1. GNM on the chain, C-alpha springs below 10 Å: top fluctuator among V67, V326, V238?
2. Please report, in debye to the nearest 20, how large the charge dipole of the range 1-160 is about its Cα centre when each Lys and Arg carries +1 at its beta carbon and each Asp and Glu carries -1 there.
3. If r is the Cβ-Cβ distance from V273 to K11 and R0 is 30 Å, what FRET efficiency results, to the nearest 0.05?
4. Based solely on its DSSP helices, what 222 nm [θ] is calculated for the chain when runs of n ≥ 4 H residues each add -39,500 (n - 2.57) and the sum is averaged over all residues, nearest 500 deg cm²/dmol?
5. If the convex hull of the alpha-carbon atoms of the chain is projected onto planes in all directions, what is the mean projected area in square nanometres?
6. With a 10 Å Cβ neighbour count serving as the proxy for reagent exposure, in which order, fewest first, do F181, F64 appear?
7. Mind checking the full-extension length gain between E220 and H103? Use 0.36 nm per residue of separation minus the Cα-Cα distance, one decimal, nm.
8. Counting other beta carbons within 10 Å of each residue's own, what order do F190, F15, F311 fall into, fewest first?
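Quick note: the coordinates plus some simple rules give every number you see, no bench work behind them. Fair warning: this is a prediction, and the values are worked out from it, not measured in the lab. Positions of Cβ are backbone-derived with ideal geometry, glycine not excepted, and every protein chain shown enters the neighbour counts.
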Amino acid sequence: MREIAAFSALKSPNFVYYFAGRSITQFGTWMQRTAVVWLIYSLTHSSFMLGVTVFAEQFPSFLFSFVGGVVADRYDRSKIIKITQVAAVLQTVLLAVLLLLDHLVVWQILALSVLLGIINAFDVPARQTLIHEVVNSNDDLPSALSLNSGMSSISKILGPAAAGFALEHLNVGWCFVFIAFAFSVVIYLFSKIKVTPKVYASSGKNFFGEFKEGVNYLLEAKPIGLVILMLSVVGLLVLPYDTLLPELAKVTFKGGAATFGYIAGFIGLGAVVGTGVLASVRNKDKLRYYLIFSTLFLGVGLICFSLTSNFYVALFFAVVTGFGTVMQFTCSNIIVQAESAPAMRGRAISILLTAIFGMVPIGSLLTGLASQYIGSQLTLLVQGSLAIIIALLFAKAFGLSKRR
């Protein structure tokens, strides 16, 4: 029965189209992210610039995600996704042209990363909330979200590996040509989704008013608000660990783009295992336990990764790190999706994403800066220790120890 529960969302043809489109998008996104980060590091040899690169992509998503959440509640989400996908194709084509013409200028790459961040601010809330419209019933929601995260995790394996191959053997511009083509296929797949748009009436307030309404809702719904607060703290202090991966690949493990791709890929492998576990879980009451345990796994993985200089041992702990990372975000996502009021769901998701898009880029700058002074491995050790402290503090805040 657990296998049936894990894949029950695939009974819906609309979800199959959604899932296929989302899978291609995630694969292309991870290819692009890996290639851009390695290009910036190759041009600058600066761990701080790695933080700037992450900041350039994700901070614009933080600035505009509240607007994206309100838009997802006001308008047809499938149309929003088609528009953002066209914009993503154009952004990727511009980047491909620059690289094929050998215009490897840092500011141009960062500017296009900013554009991608703005696109994602509208795309992600619409995609996340559309899941409710493409599954047959709410009972299939944990399966849908976990399968979605699982494919995202597989993309974290295949995308960086493909980018690593392209960076080692091809002109990287062709990598972005392929990504642009893949994004074009997604537009076709989403055109096949047939659902009646669930658009909730505007309260008559402006965007800021409706966003404030969402914040007030989460302040009243404290069990959901605490989950988002925890993700915010982890996003600031722990999740930016991936900022350090290119430097660890080159300096600690004496490798190149392929080494970077392997580390990122094995983190993705751990994420696949994590989503496989969550896909079989139908008891939503235990999700906060999984959230705490996943944060502890993340901390242990980072600490052990930081203490080894053996590449193969490090890959094992990369799997542990990926397991903790994806389980934490997926648990938070399922909790917010399942427990939020339908009319507030778009805004609740946008605030959840703000917790990531706002905190991670700031944390990436801090992580890059810290690594310049104390080194990447010690920075990673500190982040792992903080993850364990955060898990213990929020276990108490959730009252989990009292329920045992």
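1. It is V67.
2. Values: 10 positive and 9 negative charges, 16 e Å.
Using Cβ point charges on Lys, Arg, Asp and Glu, the range 1-160 gives about 80 debye.
3. On the way: r = 24 Å, r/R0 = 0.81.
In this case the efficiency is close to 0.80.
4. Numbers: 15 runs with 325 residues, N = 404.
That comes out to -28000 deg cm²/dmol.
5. On the way: hull surface 72.9 nm².
Mean shadow area of the hull around the Cα atoms is 18.2 nm².
6. Working: F181 14, F64 20.
In increasing order of surrounding Cβ atoms, one gets F181, F64.
7. Working: separation 117, 0.36 × 117 = 42.12 nm, distance 5.10 nm.
Once the chain is fully extended between E220 and H103, it gains 37.0 nm.
8. On the way: F190 21, F15 25, F311 15.
So the ranking, lowest neighbour count to highest, is F311, F190, F15.
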